[in-house]
Amino acid sequence: MRQLFLDDSGIELQEGVQRRWHQPVKHGPPVLAPGGPLEQSRVHIWNPPFAAEDGAGWRMWYIGGEGLHPLHALSDDGVEWRRPALGLVKSAEDAAGNLIDLGFTAVSPKEQRLVLCRPDGCAEAAARYCALTRVGSTLKPLTSEDGLRWHYHADRPGIPSDDEYRLGYDPDTGRLIATVKLGGRSGRVRFAVPEYGRSVALSTSTDGLKWTEPQVSFHADHRDREAGAEELQRHVREPELRSPLFVDPAYRWTDVYNMPVFRYEGLYLALPIMFHQCGVWQHPGDRAGSNQDGLLWPCLAWSRDLDEWRRPDVRQPFIPLSPCTDDAVYDNGTIHACAPVRHGDELWFYYYGSRYSHVSPAVLEQAGLMGDDAGPIAAIFLARLRLDGFASLRAADAVGLVLTRPITVDGATLRINAQATGGEIRAEIRDAETGRAIPGFGLGESLHSRTISFPDGSVHSRATGWGARFEDETVADNSVAFSGDAVDAPLTWRGGGDLSALRGRQVRMLFALRSADLYSFGFGDA
């Protein structure tokens with residue numbers, strides 16, 4: 001397991017380093033734009049693609065058009081997608097198309113919005129694929145062996161939910177994790193702060209059929225509202241950015257639209273979609289119906305227990321909205337991201353991107369923004385992030401130091417994910433109990449002298465601070481510097497990098513960085 005640097009929980013001391021937050025790099029134009037007979041001007045994606053069972057390519061489940069049709073696509077490389085002729089469901093619009101069979105007849109389009117996962121290795125899972133869809137005000141489970149033909153479990157009590165929900169799988173505990181959007185007074189879930197508005201409740205299951213009672217887990221806070229207000233003002237002010245149609249400071253607020261959760265290196269990571277509201281609008285032709293306008297984008301959160309969530313101090317978007325400067329890239333007003341899939345040394349984030357803010361097609365049509373020559377409204381995009389690349393500890397030209405809290409050596413080599421082109425990273429291993437450098441794995445006095453010289457010629461041992469050692473301790477500099485850019489590089493010493501003799505031992509790592517970014521570290525047997 002690799003140790004990330006999202007917070008200071010694993011750090012004892014640090015100096016001369018800064019935590020830097022990183023955003024994925026966008027691929028550019030959509031990887032899947034509306035084009036099929038059922039897709040009209042938009043397609044959505046609610047869960048990431050999965051590797052094909054035979055290892056040959058990728059499978060995507062997505063939602064098409066205003067009818068919210070459940071559709072399937074295939075790809076060899078994850079970038080170019082094709083629509084297979086499944087012929088599973090009879091459709092006047094697309095008789096031999098890529099509709100999947102939900103196993104029941106939906107009463108409304110919203111009942112067709114399937115979110116699914118494949119709990120590989122879960123012995124208790126009811127089927128290879130598990131899914132949820134909202135019928136009435138309750139999420140109902142579905143199961144399938146091939147992801148195309150589904151069995152609908154109408155008799156199961158399900159999960160109370162508003163109209164947004166996501167599903168993931170934790171292989172470490174064998175649990176499926178459902179996150180659902182709830183208003184302050186929704187369903188049977190107790191929640192005593194209606195001012196929060198849309199919040200996230202969480203339910204788990206070991207088989208995809210029986211679910212725990214959902215508990216409210218996550219909501220926006222004042223920092224989200226401050227960040228949202230600042231960004232909304234920028235979008236209204238700068239002409240190359242998408243401005244919402246309805247702007248009234250009296251209705252400014254921020255809540256959470258949905259939140260995919262995924263397991264990553266011993267943590268739970270999440271991409272809460274923050275809804276930064278700035279106005280209200282009425283449904284055309286419905287005087288009793290209204291909703292909020294605003295911009296939506298994903299942020300980053302993490303937890304060790306699915307209960308207490310932590311956030312970066314600076315609430316910047318994890319995937320920001322694009323400026324309206326390229327007609328081929330139209331994720332300008334709304335982004336909903338999925339959990340990532342790993343492609344080699346990268347994490348790929350597929351996401352839904354919309355040209356406009358949070359308004360209905362009827363409102364867009366009323367505003368003259370819909371039509372044959374208006375172009376697609378929304379599509380499926382892709383952004384790439386370096387493996388473990390959520391955050392790094394960065395040192396500039398001066399040496400930065402990081403001393404970790406105790407960690408168990410569980411591999412034969414020390415591995416780092418780092419970018420040190422033009423710089424370097426070195427390390428010392430200390431016994432966690434005694435605090436002494438382990439012979440053969442020291443930095444010596446290469447960073448700071450352990451003594452202090454006075455004008456009268458007397459020399460005293462450094463009692464505190466970097467460079468302080470035990471009076472009877474002699475430490476040689478055995479370190480070998482790493483330079484370059486790699487997501488999984490060995491960090492060694494002059495006697496080699498074999499840590500087999502330390503396996504199972506509690507140690508502290510001391511990293512010395514110069515002109516470098518350290519993203520993560522861990523122990524491995526490669």
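Table for the structure above
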quantity	calculated
Criterion (without any contact (Cβ under 8 Å) to a residue 12 or more places away in the chain and either open to solvent by less than 10 Å² (accessible area, probe 1.4 Å) or in contact with a strand residue (DSSP E or B) (Cβ under 9 Å, 6 or more places away or on another chain) (or both)) met by exactly one of 292, 282	282
First in the stretch 231-259 and within 18 Å of residue 369 (Cα to Cα), second anywhere and acidic (Asp, Glu) and open to solvent by less than 50 Å² (accessible area, probe 1.4 Å), Cβ under 7 Å, 6 or more apart	244/293; 245/293; 246/293
Filter pass, residue 251 being aromatic (Phe, Trp, Tyr), surrounded by fewer than 19 Cβ atoms within 10 Å (Cβ to Cβ) and either at pLDDT below 95 or out of contact with any His (no Cβ under 7 Å at 6 or more places or on another chain) (or both)	yes
Residue identified as in contact (Cβ under 8 Å) with a residue 12 or more places away in the chain, closer than 23 Å to residue 496 by Cβ and small (Gly, Ala, Ser) among 444, 435	444
Condition check for residue 386: over 30 Å from residue 513 (Cα atoms), basic (Lys, Arg), surrounded by 18 or more Cβ atoms within 10 Å (Cβ to Cβ) and out of contact with any helix residue (DSSP H, G or I) (no Cβ under 7 Å at 6 or more places or on another chain)	no
Some residue of the stretch 190-197 being touching a helix residue (DSSP H, G or I) at 6+ places or on another chain (Cβ under 8 Å) and either at pLDDT 95 or above or surrounded by fewer than 16 Cβ atoms within 10 Å (Cβ to Cβ) (or both)	no
Set 37, 29, 24, 49: member being touching an Asp or Glu at 6+ places or on another chain (Cβ under 6 Å), surrounded by 14 or more Cβ atoms within 10 Å (Cβ to Cβ) and in contact (Cβ under 8 Å) with a residue 12 or more places away in the chain	37
Filtered residue count, the stretch 351-383, keeping only those that are of a type in the set (A, V, I, L, M, F, W, C) and open to solvent by 10 Å² or more (accessible area, probe 1.4 Å)	6
Search result, residues across the stretch 130-182 that are of a type in the set (Gly, Ala, Ser) and in contact (Cβ under 8 Å) with a residue 12 or more places away in the chain	131, 137, 144, 147, 154, 158, 161, 168, 174, 178
Residues located in the stretch 1-20, provided they are under 16 Å from the mean Cα position of the chain (by Cα) and either under 16 Å from residue 403 (Cβ atoms) or open to solvent by 70 Å² or more (accessible area, probe 1.4 Å) (or both)	5, 7
Condition check for residue 438: among the β-branched types (Val, Ile, Thr), within 26 Å of the chain's Cα centre (by Cα) and open to solvent by less than 30 Å² (accessible area, probe 1.4 Å)	no
Condition check for residue 319: in contact with a Leu (Cβ under 6 Å, 6 or more places away or on another chain), farther than 22 Å from residue 247 by Cβ, buried (at least 22 other Cβ atoms within 10 Å of the Cβ) and touching a residue at least 24 places away in the same chain (Cβ under 8 Å)	no
Residue that is most open to solvent (accessible area, probe 1.4 Å), among those in the stretch 467-499 that are in a loop (DSSP other than H, G, I, E, B) and among the β-branched types (Val, Ile, Thr)	474
Within the stretch 55-109, tally of residues that are open to solvent by 50 Å² or more (accessible area, probe 1.4 Å) and under 17 Å from residue 41 (Cα atoms)	4
Selection within the stretch 87-103 - without any contact (Cβ under 8 Å) to a residue 60 or more places away in the chain and under 16 Å from residue 147 (Cβ atoms)	87, 89, 100, 101, 102, 103
The lone exception for residue 448 - which of (1) touching an Asp or Glu at 6+ places or on another chain (Cβ under 9 Å); (2) assigned to a loop (DSSP other than H, G, I, E, B) it fails	(1)
Meets criteria (closer than 30 Å to residue 9 by Cβ, open to solvent by 50 Å² or more (accessible area, probe 1.4 Å) and touching a Lys or Arg at 6+ places or on another chain (Cβ under 6 Å)) for residue 394	yes
Some residue of the stretch 336-350 being open to solvent by less than 20 Å² (accessible area, probe 1.4 Å) and in contact with a Ser or Thr (Cβ under 8 Å, 6 or more places away or on another chain)	no
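The values are calculated or read from the model by the stated rules, or taken from the named source; none is laboratory data. Since this is a predicted model, take the numbers as computed values, not measurements. Backbone-built Cβ (ideal geometry, glycine too); neighbour counts: all protein chains shown. Note: areas computed on protein heavy atoms with side chains; ligands, DNA, RNA excluded. Shrake-Rupley method; radii C 1.70, N 1.55, O 1.52, S 1.80 Å.
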